[in-house]
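The values are calculated or read from the model by the stated rules, or taken from the named source; none is laboratory data. Predicted model only: the values in this text are computed from it and were never measured. Cβ sites come from the backbone with ideal geometry, for glycine too, and all protein chains shown count toward neighbours.
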Amino acid sequence: MTKFMKSVKGMAAIVVMSTATTAYADCGEVSITEMNWASSQIITEVSKFLLEQGYGCTVEKVPSATTTSIASLAENGEPDIVTELWLNSSGDVFAKLEADGKIERMADVLDPGGVEGWWIPNYLIEAHPELATIEGVMANPELVGGRFNNCPDGWGCRIVNDNIITALGLRDSLEVFDHGSGETLGTSIASAYENKEPWFGYYWAPTAVLGKYPMTKVKIGEIDADIHLENSNQDISNPRVSDFPPAPVLTIATTSLTEREADAASLMRNVSFDINILNSVLAWQDENSASAEEAAVYFLTNHSDVWSTWINDDAKGKLSAFIK
């Protein structure tokens, strides 16, 4: 274990003890989702720390996922806060809850949003700048290994990719390899990087993979939101080309929370992570086999210039020992 990792674990223990023993009278109980993927778990742990240590809330983490969190809000009006809600996966229930005034959008929690696209390793673009566009890739398939690494079957990106592939006639230039899982897709990037081999395919962020392996997003074409939406339909008869727009990713809260805990709601309206910073935190977590709490401490320790802008003056006083 590295010296820094020991210090992070030590700080995490201090945070836990402090959370257990510190009490403020200015905030009550707040529930927040603990989603089943790494980036959202880190966002939750950072938010939990700031709510407890800066605002005096008693925070309960609720294990959840996108569909279950929305269903719970519709049925029970809980939890108070949902972190990293991907709007394109939340369905019509979210729209109805918002229209009925039961929930509010707090913030775009990822800046500039969830990132999707077709990528090549930076070492390839440095050697062959023409690969920065899909036209350059299709004209030089041997430079990317003659293969496009596609999403697994059943993923939404698989449908979009397949429609773009058809619209481009990509199969005339490259083999399309459909991965069996997200793990093999990520491993293929790691393997290519280790051997400095060609690689071309789909990936997304925030992820540890794009935090660990510098990649260049290939320009597929202009972004057209309507065409992108059409391409999400697997039965479309005439797909067209659009690059991937940033996906809206939100933190939302119940109106009950915003009315009950105005200061806590104000904090959550400010919590937004630069995608590159979050990628780097995820990469650190992966390399150190760290927990979400330890990764949150790593972020809090190294990026106080970011989170200190989220909190009010009273919270800054309480958290001054953590602000560089």
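Side notes on the structure shown:
- Selection from the stretch 103-119 of residues that are surrounded by 15 or more Cβ atoms within 10 Å (Cβ to Cβ) and not in a strand (DSSP E or B): Val109, Gly113
- All helices (runs of 4 or more DSSP H) inside the stretch 37-101 with 2 or more residues being closer than 19 Å to Ser272 by Cα: 38-49
- Selection from the stretch 164-195 of residues that are within 24 Å of the chain's Cα centre (by Cα), over 19 Å from Trp37 (Cα atoms) and among the polar types (S, T, N, Q): Ser188, Ser191
- Residue match in the stretch 273-288 (condition: in a loop (DSSP other than H, G, I, E, B), in the same structural domain as Gly54 (by TED's automatic domain parsing), surrounded by fewer than 17 Cβ atoms within 10 Å (Cβ to Cβ) and under 21 Å from the mean Cα position of the chain (by Cα)): no
- Residues being part of a loop (DSSP other than H, G, I, E, B) and either crowded, with 16+ Cβ neighbours inside 10 Å or free of Cβ contacts under 8 Å to residues at least 12 places away in the same chain (or both) - total across the stretch 309-321: 3
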